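What follows is a single structure, written as structure tokens, with notes after it.
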Protein chains: 2
Amino acid sequence: MEKELVFGHQNPDTDAIGTAIAYSYLQNKRGFNTEAVALGKANDETAFALAKFGFKEPRVIKTAANEVDKVMLVDHNEPQQSVADIDQVEVTHVVDHHRIMNFNTTMPLFYLAEPVGCTSTIMWKLYQQYGVEIPQNIAGIMLSAIISDTLLLKSPTTTADDHEAVKALAKIAGVDYEQYGLEELKAGTNIAGKSEHELINLDAKSFDLAGKKVRVAQINVVDLPEAMERKEAFLQAMRTVSEAEHYDLFMLLITNVLDSDSTALVIGSGEAQQAFEQAFGPVKDAEISLPGVVSRKKQVVPQLTGAFK
Amino acid sequence: MEKELVFGHQNPDTDAIGTAIAYSYLQNKRGFNTEAVALGKANDETAFALAKFGFKEPRVIKTAANEVDKVMLVDHNEPQQSVADIDQVEVTHVVDHHRIMNFNTTMPLFYLAEPVGCTSTIMWKLYQQYGVEIPQNIAGIMLSAIISDTLLLKSPTTTADDHEAVKALAKIAGVDYEQYGLEELKAGTNIAGKSEHELINLDAKSFDLAGKKVRVAQINVVDLPEAMERKEAFLQAMRTVSEAEHYDLFMLLITNVLDSDSTALVIGSGEAQQAFEQAFGPVKDAEISLPGVVSRKKQVVPQLTGAFK
């Protein structure tokens, strides 16, 4: 059977990489011929999870059409979050938990999206539906993905399905999910060893909002004041990237994974800044406190989309 | 719970109406509060199937936002095939078997598409997945939808899943699907009592192909020469509608449901006509024979999409 690549979004997180591995395994069991790849290097948290469950980091690709005609997407659908040449290949399968935006196909396809906290929660259900047994290491990486996306079931994106999946997968993986979950999240919060430029690209997504180019980056920390000591350097890096990439708005969400609060740094053109303030209130010195905000998908993007209309 | 409307596409066929009824029943069993409606009057075939299984024709709506905030779509996703004010409501669920095009949401949603012959085949699987028993009349209307979309399992869109669903649903509905299927298809081929204008609108869909407005209508017959006696009147009706609606191309596919061949009538601007001929070969006197072509979705739209690129 013709080979297909399976991958998550650019700036991959544990869901993007972990669910790609899980989907590739599932589809191969069902008779497809797939390879899980990634659109970037694993971040610290993902590297920790991959190592814990004995996986090597997937091969990194930037384009797909040079290797295959067909691909399967997990954890994203928006073209600007995918391989650079996504319009040159046929997308045959998508499993995702985001809104659908600018995703167009010529042919009918398999597309499963559910408004749950993590793509791996949907994947866990697909394994059951297709009657494929989940190996221990696959259960471990799916568990890691759900812990990551839901901040250990604390994000407002978390659903009953995510809770159920975490319990079931932790059992198969043979770990205490609360203990392992804290270890995993902490592994992703070491910002001391990274430049501001690296940090603002670690988990960043671009959105086209009513014609405006909006970038929303997020970093997880355990010590917010320590991160804010680097505020000016963050802003400088955000300005440099915004100029180069012509972003109308750049928002950096700095999230404390222990208490589920965030502070955001924001820069943008007058009009875009105005839309941002309409959604979230006044920004002072390029900074705004966002208590309780931890989810870009549920607590940031819809609000911005509404304000930019 | 807040009420939601469930509906299929404009110019509804048996899949659009039948699957809306089946999905509304399923979702209500799962705790939602929905009503199945239709975006147009049932055609002869659908009316026959509804009567056979004891359903009243669903209420017809043109807009949704005047009644509800949220809707569920079946058998379509492209906005121009939906209610006129689709951008004013939130789409919470989609079950479909078409390509995805210009379908954008602000929020994550449930979206299930599979490349099978009929949306009711996916619906049949959803009933099993959710563990909801299928009543006899719902089985009958889902069976009718699959017979309609696959031309009694003869269309090239037909998959193994469609075969399986037809057998299972016929058993629950208590009918011989081959005998009932022919009766149902024939009920939709009576063109004698309808004007050309009615016929070209009966099962017609609009597509935006690289900026061109393309209309593809289809009628089912059992006697192709009898239909072609009305060729000039069909062309006149197509020209009138094209001018009013600014279509760049209007194609009427006249399909013999007994031998699975079609003849198409085609009118369009120079550029659009050229793209059409690139896809299907030369059109003579606005007419082209398309042996073996019965599926707009699989044998017409992808080919046109490729040619219009």
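Values quoted throughout were computed directly from the atomic coordinates according to the rules given, and no laboratory measurement underlies them. Just so we're clear, the structure is a prediction, and the values are computed from it rather than from any experiment. For neighbour counting, all protein chains shown are included, and Cβ atoms are generated from backbone atoms with ideal geometry for every residue, glycine included.
Observations
- Tally of residues being part of a loop (DSSP other than H, G, I, E, B) and of a type in the set (Val, Ile, Thr) across the stretch B:56-104: 6
- Hits in the stretch A:48-77 (condition: among the aliphatic types (A, V, I, L, M), in contact (Cβ under 8 Å) with a residue 12 or more places away in the chain and surrounded by fewer than 22 Cβ atoms within 10 Å (Cβ to Cβ)): A:Val60, A:Ile61, A:Ala65, A:Val68
- Selection count, the stretch A:160-172, where residues are crowded, with 18+ Cβ neighbours inside 10 Å and within 10 Å of A:Thr121 (Cα to Cα): 5
- For the stretch B:279-302, the criterion of being farther than 29 Å from B:Lys41 by Cβ, of a type in the set (Asp, Glu) and out of contact with any helix residue (DSSP H, G or I) (no Cβ under 8 Å at 6 or more places or on another chain) is met by at least one residue.
- In summary, helices (runs of 4 or more DSSP H) completely within the stretch B:146-218 and bearing 1 or more residues that are hydroxyl-bearing (Ser, Thr, Tyr) occur at B:177-187.
- Scope the stretch B:79-128; condition more than 11 Å from chain A (Cβ to nearest Cβ) and of a type in the set (Phe, Trp, Tyr); matching residues: B:Trp124, B:Tyr127
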